[in-house]
Amino acid sequence: MSAPMFVGIDVSKAQLDVAVRPDGRFAAPNDEAGIAQVIARLSAGPPTRVVVEATGGFEMPLAGALAAAGFPVVVVNPRQVHDFAKATGRLAKTDALDAQTLAHFAEVMRPELRPLPDEQTQALAAILARRRQLVEMLTAEKNRLGSAPKPVRKSLRTHIAWLERELSHTDSNLAQAIRESPVWHEKDALLRSTPGVGPVLTTTLLADLPELGTLTGKQIAALVGVAPLNRDSGTLRGKRTVWGGRAPIRAALYMAALVASRFNPVIRAFYQRLCAAGKAKKVALTACMRKLLIILNAMLKHRTPWRAELVQCA
């Protein structure tokens, strides 16, 4: 029986650096021919785990091809790998060394396999990412307009008007993408039946959280980063805080929880109860984010639209 083989692949725009444990390393161009070369060389294994770091979308063609070829591929959060590298004392950084760190991470941590987003989901995520960029640029330009001298105000107003038109077009594209997919349309309708949940949150969840409805409440809260984490040592009992997870989802969930704390009867009662118990408003709102996410997760899991009487104990 052959020894287990663990593979780490560092992805850049031009090149794929591949490290194989226990021994092996090679590189290939990041194009169709290079991806085919990687698959051919790894097929002799086959590998126990292939780990690729998320690199803003450059990794998706490779990860998709590896998954289609039947390899156990995992796309991991760069922060996890960075922390692992520091813990193992590896401070130097090159593409080849990063690949070796990923292979070591695969061998030691054995990250859990999760289904990769399909082509439609990747397209939706790309449109959503563009929307975030437009919102950020629009906010920045509006902030500049407030203190800009007269000679540049016309330019700023012109750019703001263009950004607003682009944002409107992007929102239309997002809505059309959801309408054209029967599965997404059904999920969108279920999620938006919840008071306080609007198109921005539902689109964000569909694009960035494909695991919604497949995990337990505790698992989905930890994945997003709204589960309180302990900070205890010896006799010290630190504050429970939330961190890590998927920041874009938390940002959309925060705004939804803010609205739900006023207009959703279940979330409003929960928020008021926490505030009456002496919890800080920000802590209470974070708890509402977690509760809202768990409710939405249960709704998708059971294909059940919002009914206040059914979610009181969620």
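Where a number appears in this text, it was derived from the coordinates with a stated rule and is not lab data. The structure presented is a predicted model; accordingly, all values stated were derived computationally and were not measured. Glycine gets a Cβ as well: all are built from the backbone with ideal geometry, and neighbour counts include every protein chain shown.
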**Message:** For a protection proxy built on the mean count of beta-carbon atoms within 10 angstrom, sort 124-136, 256-268, 106-118 highest first, please.
**Reply:** 256-268, 124-136, 106-118
**Request:** May I ask for the net charge around ALA14, where only other residues with Cβ less than 11 Å from the Cβ of ALA14 are counted and Lys, Arg are +1 while Asp, Glu are -1?
**Result:** -2
**Asked** For the chain: lysine pairs with Cα atoms under 16 Å, gap of 8 or more or different chains, count?
**Response** 12
**Complete:** The set of residues whose placed amide H lies less than 5 Å from the amide H of ALA54, leaving out same-chain residues fewer than 5 positions away, is VAL76
**Message:** Give me the dipole magnitude in Debye, nearest 20, for the chain about the Cα centre, with unit charges on the beta carbon: positive for Lys and Arg, negative for Asp and Glu.
**Reply:** 1920 debye
**Request:** Using only Cα atoms, tell me the angle between helix 247-263 and the longest principal axis of the chain; keep it within 0 to 90° and round to the nearest 10.
**Result:** 20 degrees
**Request:** For THR304 and GLU180, compute 0.36 nm times the residue count separating them, minus their Cα-Cα distance, and round to one decimal in nm.
**Result:** 42.5 nm
**Request:** Return PHE26, PHE270 ranked ascending by Cβ neighbour count within 10 Å, so the fewest neighbours appear first.
**Result:** PHE26, PHE270
**Scattering curve values for the range 6-109, log₁₀ I(q)/I(0), Debye with Cα scatterers, q = 0.21 Å⁻¹** = -1.05
**Prompt:** Expressed in nm to one decimal, what extension gain is obtained for the pair LYS279 and ASP23 from 0.36 nm per residue of sequence separation less their Cα-Cα distance?
**Reply:** 86.8 nm
**Prompt:** If you build a Gaussian network model of the chain, linking Cα atoms that sit under 10 Å apart, which residue out of ALA269, ALA103, ALA44 swings the most?
**Reply:** ALA44
**C-alpha long axis of helix 95-109 to longest principal axis of the chain, angle in °** = 80 degrees
**Item:** Shape category assigned to the chain from the gyration tensor of Cα positions, a/c cut at 1.5
**Value:** prolate
**Asked** Relative to the present Cα-Cα distance, how much length would full extension add between ASP95 and ALA33 at 0.36 nm per residue of separation?
**Response** 20.3 nm
**Message:** Only bridges whose two residues both fall in the chain count here: according to DSSP, what percent of them are antiparallel, nearest 5?
**Reply:** 65 percent
**For ALA68, net neighbour charge (Lys/Arg +1, Asp/Glu -1) across residues whose Cβ lies under 15 Å away** = -4
**Charge dipole of the chain about the Cα centre (unit charges at C-beta), most positive-ward option of HIS82, PRO151, SER181** = PRO151
**Dipole-positive endmost among LEU128, THR170, THR139 within the range 127-180 (Cβ charges, Cα centre)** = THR139
**Request:** Give me the angle, in degrees from 0 to 90, between the Cα long axis of helix 119-147 and the longest principal axis of the Cα atoms of the chain, rounded to the nearest 10.
**Result:** 60 degrees
**Message:** Can you tally the net charge around ALA27? Count Lys and Arg as +1, Asp and Glu as -1, for every other residue whose Cβ sits under 15 Å from the Cβ of ALA27.
**Reply:** -2
**Item:** Percentage relative contact order, the chain, counting C-alpha pairs under 8 Å, at least six apart
**Value:** 13 percent
**Request:** Could you check which residue among GLU32, GLU59, GLU119 shows the biggest mean-square fluctuation in a GNM of the chain with a 10 Å Cα cutoff?
**Result:** GLU32
